[in-house]
Amino acid sequence: MNRRISRRDFINGVAAMTGGALLPASAWSAASASSKTYPPLRTGLRGSHPGSFEVAHSLGRHGVTNWGPVTDAKDSTYDLVVVGAGISGLSAAHFYRKQNPDARILILDNHDDFGGHAKRNEFSLDGRTVIGYGGAQSLEEPGWYGDASKTLLRDLGVDKDRFYKLFDQEFFRRNELAGATYFNKARYGSDSLVPYSILDYASFVDADRASISAAAAVLQMPLGERARAELLRLLETNKDLLTDIPAEQQSDYLARTSYAEFLSRHFAATDPELLALLDGLTGDSGCSIQASSTLAVAGYVGLPGMHATAIADEWVNDEPYIFHFPDGNASIARLLVRSLIPGVADGSSMEDIVLADFDYSRLDTLATPVRLRLNSTVVNIEHDGDLDSAGHVLVRYVQQGKTSQVKARQCVLAGYNQMIPHMCPELPATQGTALSMSVKSPIIYTNVLLRNWQAWKELGLAYFSAPGDYYHMSMLDYPVSMGGYEFSKNPDEPILVHMERFPKGDDPLASQREQFRAGRRELFETPYADIERATRMQLAGALGGADFDPARDIAAITVNRWGHGYAGWYNPQFDDDYEDGSYPHQIGRQRFGRISIANSDAGAEADINTAIEQAYRAVGELSS
């Protein structure tokens, strides 16, 4: 771990072995050349990558309005301009074109790739392609999706039942892989991997939680006696402790009660060592145990406690967590783009999209009625004249330092809703204030390409949680093979490890939104070199009981940094009780002249169903 990491390592995200690069020179040259024209192959810092956010930060943080001379973009008049090429923006274009088959549509996005949070990470190792997801992970319980979402997936040829054959549900158990908890040396005095996961991850990974009992596991954990006793009670309690609260009221109670208060009130769990351990595992909630609701971290993330309620069985998925493409929901984005711009890729099925060769040079050509323009940050949107009589909307954007303008008969804003008041200053103040309340949680999704997974096999690992370390969760990628793409079959073959961090700042008593903002500051202030070193150190420590050498076994690292990750949601501990129609996201998403608003932010839920349903609503408003 003391080996010097070269500047080239930092730029490319590839850790070099002493005496030579991990990738053969010929393979690395081919991968580097391809990544210039094919963004999914780019490693290093992705997600909100350098070049994607600077203009937006100048606009939103510093109030910059002068972007230099403005020129009309080529072929500059459209029926619809969509701002944001994530799932919601692409879905809006899809729905609009269904209503208006001959419409001319332009989609603008500030990133160098389409899909938004549905990010594809692709690697090439020794002639083998390995694919992973850098954002939106899966279609979660698609049987519950709304009509618009189900229709769109049907339009794209997505058959959820196919995943029952494509997803290897026996992979982890067949290979005797289970969960574990890693305690790192820096915080706990020595590296220790206990074969029992404090997090119950069964909703996401179809593997056993542990290979030993809770009692045996707690004895192995580097904790004080009081912390061990409180943790064991928390893990083993399997009866309703909320006896003074009727079962039908417990869900609301748990949503309004912080996890810290829940532990203190119902378990008398107050040991600082235990609370610090649990605070390092709040994951998707994005904030501390003092600011996270019990329903969020025990019901969804998997921290212990739900079995001490009367509603534990209500938090079991109705459908298995298997509706997953190798690149996550990036395949949905690819299906949408291929449908909207047919010349960009061959194929016609949900399976052949996985290895379809996308020609990015054909995304934005004069010959196609739908065009997708990347690296283009919108800085101003206004009606061309009086709001009631204007026939068009003027959309101004910055691309490669130059400012251009296009004209649209209608416009859908499908990017981060918090940016809309800065881009569209003519919005009513009340609506702008409502939109600004949509504060998204920050996330790091890191994919690590390993040359093999022998160490994971030897240790019997499917995933491990890590309280107090940089990433709270690390897991082997989901075992899905489709469209000619084959998941790793045996421990000698390459595999991806997916690692997650949800930074939340240093003030556990701050509000949810303030913890999100603090975490975002951390993300944008942390150099890639620090993230890469933390990644390598954590894997080296956790896998130290096997023959794992990060310099030898790590072939590439891609860090997907999302300063604005999950859509903002309401936390009853900090937010008012609103009546339907008066929620800030409902006020913020109201149509404004020829402009409508989409994105999962507009539904205050971070899932693909919400992104699609909000796109459908936004397009419907424009046609009404």
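The values are calculated or read from the model by the stated rules, or taken from the named source; none is laboratory data. From a predicted model like this one, the values you see are computed outputs, not experimental measurements. Quick reminder, even Gly has a Cβ in these numbers, built from the backbone with ideal geometry, and neighbours come from all protein chains shown.
Can you tell me which residues in the stretch 427-477 are acidic (D, E) and either touching a helix residue (DSSP H, G or I) at 6+ places or on another chain (Cβ under 9 Å) or without any contact (Cβ under 8 Å) to a residue 60 or more places away in the chain (or both)?
Passing the criteria: only D469.
Kindly establish whether T368 is polar (S, T, N, Q), assigned to a loop (DSSP other than H, G, I, E, B) and crowded, with 17+ Cβ neighbours inside 10 Å.
Yes.
Pull up the stretch 263-312, narrow it to residues that are among the acidic types (D, E) and surrounded by 19 or more Cβ atoms within 10 Å (Cβ to Cβ), then point me to the one that is nearest to P467 (Cα to Cα).
Among those that are among the acidic types (D, E) and surrounded by 19 or more Cβ atoms within 10 Å (Cβ to Cβ), it is D279.
From the list D102, D79, which residue is over 18 Å from Y38 (Cα atoms), of a type in the set (D, E) and assigned to a loop (DSSP other than H, G, I, E, B)?
That would be D102, the only listed residue that is over 18 Å from Y38 (Cα atoms), of a type in the set (D, E) and assigned to a loop (DSSP other than H, G, I, E, B).
Take S349 and tell me if it is assigned to a loop (DSSP other than H, G, I, E, B) and either in contact with a Cys (Cβ under 7 Å, 6 or more places away or on another chain) or surrounded by fewer than 19 Cβ atoms within 10 Å (Cβ to Cβ) (or both).
Yes: the conditions hold for S349.
Can you tell me which of (1) modelled with pLDDT of 95 or more; (2) in a helix (DSSP H, G or I) is the one L303 doesn't meet?
Of the numbered conditions (1) modelled with pLDDT of 95 or more; (2) in a helix (DSSP H, G or I), the odd one out for L303 is (2).
Hey, any hits in the stretch 403-425 for a residue that's farther than 24 Å from E54 by Cβ and out of contact with any strand residue (DSSP E or B) (no Cβ under 8 Å at 6 or more places or on another chain)?
Checked the stretch 403-425: no residue is farther than 24 Å from E54 by Cβ and out of contact with any strand residue (DSSP E or B) (no Cβ under 8 Å at 6 or more places or on another chain).
Given Y445, Y470, which one is crowded, with 24+ Cβ neighbours inside 10 Å and either at pLDDT below 95 or at negative phi (or both)?
Y445
Please enumerate the residues belonging to the stretch 435-483 that are closer than 20 Å to N184 by Cα, assigned to a loop (DSSP other than H, G, I, E, B) and more than 19 Å from the chain's Cα centre (by Cα).
Correct list: G460, A466, P467, G468, D469.
Just to be sure before I move on: is I554 surrounded by 22 or more Cβ atoms within 10 Å (Cβ to Cβ) and either more than 16 Å from the chain's Cα centre (by Cα) or β-branched (V, I, T) (or both) in the structure I sent?
Judged against the criteria, I554 is a match.
All but one of (1) buried (at least 19 other Cβ atoms within 10 Å of the Cβ); (2) in a helix (DSSP H, G or I); (3) of a type outside the set (D, E); (4) within 20 Å of the chain's Cα centre (by Cα) hold for F325; which doesn't?
Every condition holds for F325 apart from (2).
Looking at the stretch 126-144 only, could you name the residues that are in contact with a strand residue (DSSP E or B) (Cβ under 7 Å, 6 or more places away or on another chain) and part of a loop (DSSP other than H, G, I, E, B)?
Once the filter is applied, which keeps residues that are in contact with a strand residue (DSSP E or B) (Cβ under 7 Å, 6 or more places away or on another chain) and part of a loop (DSSP other than H, G, I, E, B), the stretch 126-144 yields G134, G135.
If I filter the stretch 391-420 down to residues being in contact with a Ser or Thr (Cβ under 6 Å, 6 or more places away or on another chain) and over 28 Å from V439 (Cβ atoms), which single residue comes out as surrounded by the fewest Cβ atoms within 10 Å (Cβ to Cβ)?
K407
If we keep just the residues of the stretch 371-392 that are assigned to a strand (DSSP E or B) and not polar (S, T, N, Q), which is nearest to V64 (Cα to Cα)?
That would be V379.
Considering only the stretch 497-548, state which residues are of a type in the set (G, A, S), farther than 19 Å from S258 by Cβ and outside any loop (DSSP other than H, G, I, E, B).
Once the filter is applied, which keeps residues that are of a type in the set (G, A, S), farther than 19 Å from S258 by Cβ and outside any loop (DSSP other than H, G, I, E, B), the stretch 497-548 yields A529, A534, A540, G541, A542.
Take A56 and tell me if it is in a helix (DSSP H, G or I) and either over 28 Å from the mean Cα position of the chain (by Cα) or within 13 Å of S376 (Cα to Cα) (or both).
Here the answer is yes, as A56 does meet what is asked.
How many residues are in contact (Cβ under 8 Å) with a residue 12 or more places away in the chain and either among the acidic types (D, E) or not in a loop (DSSP other than H, G, I, E, B) (or both) when one looks only at the stretch 59-70?
Total satisfying the criteria: 3.
Can you name the residue in the stretch 191-205 that is among the polar types (S, T, N, Q) and in a loop (DSSP other than H, G, I, E, B) and, of all such residues, is modelled with the highest pLDDT?
That would be S197.
Considering only the stretch 212-225, how many residues are surrounded by 19 or more Cβ atoms within 10 Å (Cβ to Cβ) and not in a helix (DSSP H, G or I)?
Qualifying residue count, the stretch 212-225: 2.
Is it fair to say V344 is in contact (Cβ under 8 Å) with a residue 60 or more places away in the chain and at negative phi?
No; evaluated as a whole, the condition is false for this residue.
Of (1) closer than 23 Å to Q405 by Cα; (2) buried (at least 18 other Cβ atoms within 10 Å of the Cβ), I332 satisfies all except one. Which?
Among (1) closer than 23 Å to Q405 by Cα; (2) buried (at least 18 other Cβ atoms within 10 Å of the Cβ), the lone unmet condition for I332 is (1).
Within the stretch 91-118, count every residue that is out of contact with any strand residue (DSSP E or B) (no Cβ under 7 Å at 6 or more places or on another chain) and either modelled with pLDDT under 95 or of a type outside the set (D, E) (or both).
Number satisfying all stated conditions: 7.
Scan the stretch 163-190 for residues that are in contact with a Pro (Cβ under 7 Å, 6 or more places away or on another chain), crowded, with 19+ Cβ neighbours inside 10 Å and assigned to a helix (DSSP H, G or I) and jot them down.
F171, the sole residue that qualifies.
Out of curiosity, is E514 farther than 25 Å from G189 by Cα, free of Cβ contacts under 8 Å to residues at least 12 places away in the same chain and over 16 Å from the mean Cα position of the chain (by Cα)?
Answer is yes for this residue.
Any idea which of (1) among the charged types (D, E, K, R); (2) surrounded by fewer than 23 Cβ atoms within 10 Å (Cβ to Cβ); (3) modelled with pLDDT under 95 is the one K440 doesn't satisfy?
For K440, the failing item is (2).
Filter the stretch 586-604 down to residues that are in contact with a helix residue (DSSP H, G or I) (Cβ under 9 Å, 6 or more places away or on another chain) and in a loop (DSSP other than H, G, I, E, B) and give me whichever is farthest from Y300 (Cα to Cα).
For the stretch 586-604, the residue satisfying everything is R594.
Restrict the check to the stretch 116-134 and report whether at least one residue is in contact with a helix residue (DSSP H, G or I) (Cβ under 9 Å, 6 or more places away or on another chain) and closer than 18 Å to D155 by Cβ.
Looking through the stretch 116-134, at least one residue is in contact with a helix residue (DSSP H, G or I) (Cβ under 9 Å, 6 or more places away or on another chain) and closer than 18 Å to D155 by Cβ.
Residue by residue, here is whether (1) over 23 Å from L622 (Cα atoms); (2) at pLDDT below 95 holds:
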| position | (1), (2) |
| --- | --- |
| A330 | yes, no |
| R338 | yes, no |
| D346 | yes, no |
| D352 | yes, no |
| Y360 | yes, no |
| L372 | no, no |
| V378 | no, no |
| L387 | no, yes |
| V393 | no, no |
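Would you check which residues across the stretch 595-624 are surrounded by 24 or more Cβ atoms within 10 Å (Cβ to Cβ), among the hydrophobic types (A, V, I, L, M, F, W, C) and more than 14 Å from the chain's Cα centre (by Cα) and list them?
Of everything in the stretch 595-624, those that are surrounded by 24 or more Cβ atoms within 10 Å (Cβ to Cβ), among the hydrophobic types (A, V, I, L, M, F, W, C) and more than 14 Å from the chain's Cα centre (by Cα) turn out to be I595, I597, A598, A602, I612, A615, A618, V619.
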